[in-house]
Amino acid sequence: MSAVGKCRSAVELTGGQVLAWSFLGRLPAAMCAIGTLLMVSQQTGSVWRGSAVAGALALGQATGGPVVGRTADRHGQRRVGLVAAGVNALAILALVAAVREHAAFGWQLALAALVGLSVPLVGPLSRSRWLWLADGQEEQTAAALWLDGLLDEISFTSGPAVVGVLATLIDPAAGLLLAAALVGVCGTLFARHPTAAPGTGGGGPSRTSARLLSVPYGLLLAGIALLGVVFGSIQVGVTATTGHLGHAGAAGLVYGLMGAVSACSGIAMAALPARFDLPARLRAGTVLLLAAALVLPLLGHTLGGLAVAVGCVGLAVAPQMITMFGLVERTVPTERLGEAMAGLVSSITLAQSAGTVAAGWAAARSGPGAPFWVTCAAAGAALLLAAGTATSRRYQRPEPADQAVLSTV
């Protein structure tokens, strides 16, 4: 099926409005960490304080994500989504006010953790919602997973770019205020939409005893964590390099280029033949990711070269994310899919923070181009992991018909 055909099939399944709410509602999750870092660092004059508050937010998101996902799986997306969206919007506003009013550092850390804990997980809950709506229809399942993976990848790369541009043109707090508005309005509309999955009711033993953790799922958590290190280290490398070159304001635009190229790459995935299955795509994608990462230290000495190199990385990003989210769908029990998707988001969030810290340390010791070697190391590890573990047998779909959905996205 072509990209246009998949888009049409996904819209028929969900409706165009809820797709829009889904995309806009998940942007704040990608905006808040870097927005907090920029706002606190500028307000206090301490990058360490900014990193600490942003780290508290990331830890909160990594901790709360699976809890929110499991609660929504059991008690329904509408109730959980409405509460989370409201709390999250208020927590973001409270964090901005605390930083602007020079509140005690402990309060800033606590509010940042609350922002992370209350993220309404629009992205992970979208995927479980689409699968519930598809009800085993193979073409619609494939189309929905492909489109949702594309939207998720765009949000991960464009969210930080939007914050960077707003911080340059207006104020570092502007990105967080926009995030509060988006989660409050679009997160609520997404939760209230009639397509919201009702949940399992928290009932029977067959639901509660379904095992989530497995070797394949653990490998996917590790793989997407390495992709998070790539994101975090590239953010630091782009920021450090553009600042060193005297074009600090261009950081957001250069980073946003990765999202634009990645979106095109994700659309092109629709043309891949079905016989090129997900494990093979994962292996091929990591080869492309490492090759693109190696371009960064080679060309990242000029603004033009940096833009080209970051665009090359974008070619590999969407295929990796779409493929790994597709593999989760065939790896975990259906009734715990929202929790499993949330686990992947928690993994990439924590790893992105770790990549930022490691890349910042490298930049401080060895110069603005050093973070890109952190990117290369993470991409190399991802290739070794995929080459040794991503096989069709390991990610073989369960036999029961009620769990059977299309193996490609």
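Among residues of the stretch 73-92 that are at pLDDT 90 or above and hydrophobic (A, V, I, L, M, F, W, C), those with a beta-carbon under 8 Å from a residue that is buried (at least 24 other Cβ atoms within 10 Å of the Cβ) and outside any helix (DSSP H, G or I) at least six positions away or on a different chain give the pairs ALA84/VAL119; ALA84/PRO120; ALA84/LEU121; ALA85/PRO120.
Considering THR195, THR168, the condition of being hydroxyl-bearing (Ser, Thr, Tyr), within 18 Å of GLY256 (Cα to Cα) and touching a residue at least 40 places away in the same chain (Cβ under 8 Å) is satisfied by THR168 alone.
Among the residues of the stretch 93-138, which ones are among the β-branched types (Val, Ile, Thr) and either closer than 29 Å to ILE322 by Cα or free of Cβ contacts under 8 Å to residues at least 40 places away in the same chain (or both)?
Kept after step one, since they are among the β-branched types (Val, Ile, Thr), are these residues of the stretch 93-138: 96, 99, 115, 119, 122.
Scanning the stretch 93-138 gives VAL115, VAL119, VAL122.
Counting only residues that are in contact (Cβ under 8 Å) with a residue 40 or more places away in the chain and closer than 20 Å to SER392 by Cβ, the stretch 282-300 holds 5 of them. In a residue-by-residue description of the stretch 201-217, the property of being in contact with a helix residue (DSSP H, G or I) (Cβ under 8 Å, 6 or more places away or on another chain), in a helix (DSSP H, G or I), at pLDDT 80 or above and of a type in the set (A, V, I, L, M) applies to no position.
Scanning the stretch 249-286 for residues that are in a helix (DSSP H, G or I) and among the aromatic types (Phe, Trp, Tyr) gives a single hit, TYR255. Put simply, of ALA260, ALA271 the only residue that is of a type in the set (A, V, I, L, M, F, W, C), surrounded by fewer than 18 Cβ atoms within 10 Å (Cβ to Cβ) and under 19 Å from GLY159 (Cβ atoms) is ALA260. The condition of being assigned to a helix (DSSP H, G or I) and more than 21 Å from the chain's Cα centre (by Cα) does not hold for LEU166.
The values are calculated or read from the model by the stated rules, or taken from the named source; none is laboratory data. Only a predicted model underlies this, so the values are computations on that prediction, with no experimental measurement involved. Don't worry about glycine lacking a Cβ; one is built from the backbone with ideal geometry, like all the others, and counts go over all protein chains shown.
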